1. May I ask you to verify whether residue B:25 is within 14 Å of chain A (Cβ to nearest Cβ) and under 24 Å from residue B:202 (Cβ atoms)?
2. Given the residues B:53, B:76, which is the only one that is within 14 Å of chain A (Cβ to nearest Cβ), in contact with a helix residue (DSSP H, G or I) (Cβ under 8 Å, 6 or more places away or on another chain) and part of a helix (DSSP H, G or I)?
3. Is it the case that the stretch B:14-34 has a residue that's without any contact (Cβ under 8 Å) to a residue 24 or more places away in the chain, within 20 Å of the chain's Cα centre (by Cα), within 30 Å of residue B:241 (Cβ to Cβ) and surrounded by 18 or more Cβ atoms within 10 Å (Cβ to Cβ)?
4. Return the residue satisfying two criteria in turn: it lies in the stretch A:56-71 and is in contact (Cβ under 8 Å) with a residue 24 or more places away in the chain and surrounded by fewer than 13 Cβ atoms within 10 Å (Cβ to Cβ), and of such residues it is farthest from residue A:210 (Cα to Cα).
5. Considering only residues that are outside any loop (DSSP other than H, G, I, E, B), within 14 Å of chain B (Cβ to nearest Cβ) and farther than 19 Å from residue B:55 by Cβ, which ones fall in the stretch A:413-441?
6. For the condition more than 14 Å from every other protein chain (Cβ to nearest Cβ) and assigned to a strand (DSSP E or B), what is the one hit in A:349, A:376?
7. Go over the candidates A:456, A:364, A:397 one by one and state the one that is touching a residue at least 12 places away in the same chain (Cβ under 8 Å), surrounded by fewer than 21 Cβ atoms within 10 Å (Cβ to Cβ) and more than 11 Å from chain B (Cβ to nearest Cβ).
8. Exactly one condition in (1) buried (at least 16 other Cβ atoms within 10 Å of the Cβ); (2) over 27 Å from the mean Cα position of the chain (by Cα); (3) within 14 Å of chain B (Cβ to nearest Cβ) is false for residue A:445; which is it?
């Protein structure tokens, strides 16, 4: 038991050591804390943006300032965000490098410690890494460039492909969609821009890694992915931040456009430190015969509010959302998914898996809507919650609006406490209580873990083990 | 020294029902004991109490394993000292494969081996128990038939190689073919190891295949008769009633 007790004390240290560190970086440009029209203009000016983008930003700022805070999520935690105490823009360097050797030393060290260059060598087709507000490193396999695949940080995307960006920007998530989408649109910086041409299949995943380094930082990346007809891409993002006592804010907007017959898989492993507010809007449009899969794992952050969404707008489009949440002490994971069936023969699944422990709270919020005329649309929703102790909490808020009589919808929800009998069974074979619990939790998460590429599956199992440290008193 | 020595054991369930009332029991290494008794006599309670199930509270007495009292140990600590319980109703663990589980269990017991050696051992044991190799990649007891669950228990016995095996109604719910396979697995384990084996059962039929050296009858929370296999024959003829009514009043 002494060993297990020690592990409880280690848990913060482990995150601290592996991810929770920060470097004393000399930023080339820092805008002082707080949000105003001037701040937005300054961001746009630094980026040398076209006029139309500045206009979109300023309109979004108006919307943000006017819109009240949402009242349906964790209002207590939300109200603790002090918007005046956040840096909206922190420019780490003046260039996005394509060789790690050219990345500023302290930043490179950070990503070395996080294992990014190593992963890139092993199993990725392209990488972009963002350090606070801007991408500092970017690469893509030459063979993909030759096939016409565009994978850039969003700022470079806007510079090099302004028409393409203008065509799709805010078409899936308008600025007025919600308060935090408006905020992101006003002050966005970084993120990924991807275009995959007709019929091109990208075999290996493209990865983005988002790192918050500074205190009181705000990170507002903006991602836009377009797959042309018959194209196929898997995009993976990961993120971590230093463990500060003050709060940081991460508010991203991600828009996906899957043109007919194309496939997008978007995997997120969110592992922010427990002082980060993670308020993200993610939405996809799937055209005829296209498939969009959101695989969304939330392990870190103080409060996450995020419901990946798919609009199925063409016949036979398919949407999948797999939302995974791990809520520990002081955390609230308000996650789930939304699917809109707006065309015939569309199909979808939403699967949610949450684990709550040490007084952590997880909420599942789901929306399934079938419009009239979406004939024989089919959907299956399943959410499973696992509670590891009586102090923890899990809530389910499913909404279904079905206007089409020929649609078939299945819904299943379970909440289970970790079984004493399961633990005893495993312990009677020699596993300690902690190992037994980890095994049960890993098993519970298996449907999610098996969707990951091997390297991430291993990493994910490790993260769960890390989270399970200290689960046993 | 006895492998297992139980002295004056009193055990309550979590709802404070007294189940074992001053039980005494000894098992030496290399011995096979049969523990028989009517429903509710306390057979499973004894097995759970020795393995350390948190729902059973020992109110008095001691359980010694090689002379050491194990009652203050957690279940996994007892397992690492060699205690193994084959469950009457094995539990399903969704998402965890048999293979993964066995490797973790071996590691926890300090007997981690090369994957290659592990596979070889497992393959041999699977063949002995007439289990298909695909079994290893299935989730523990999830969607298993009654017979498959019991075979998995015996497979674990064969691979984890405990010093003391408590087989709680491993014969129940099996057809005759499955019973023979399971029984020969237990028999082989008993012969190949120096372990003490306790067969907990209602029925004689398992004992036709695994011959115990000692037979005990448990009734109303204590052992009321001990002998050899002739006791089983007597039991078949006369039923439990005689033993139950013969039980002396608790001291």
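Values in this text are rule-based calculations from the coordinates and carry no lab data. Fair warning: this is a prediction, and the values are worked out from it, not measured in the lab. No Cβ is skipped: glycine too gets one built from the backbone with ideal geometry, and neighbour counts run over all protein chains shown.
1. Taking the combined requirement at face value, the residue does not satisfy it.
2. B:76
3. No, the conditions are met nowhere in the stretch B:14-34.
4. A:68
5. Within the stretch A:413-441, A:414, A:434, A:435, A:438, A:439, A:441 qualify.
6. A:349
7. Among A:456, A:364, A:397, only A:397 is touching a residue at least 12 places away in the same chain (Cβ under 8 Å), surrounded by fewer than 21 Cβ atoms within 10 Å (Cβ to Cβ) and more than 11 Å from chain B (Cβ to nearest Cβ).
8. Answer for residue A:445: the failing condition is (2).
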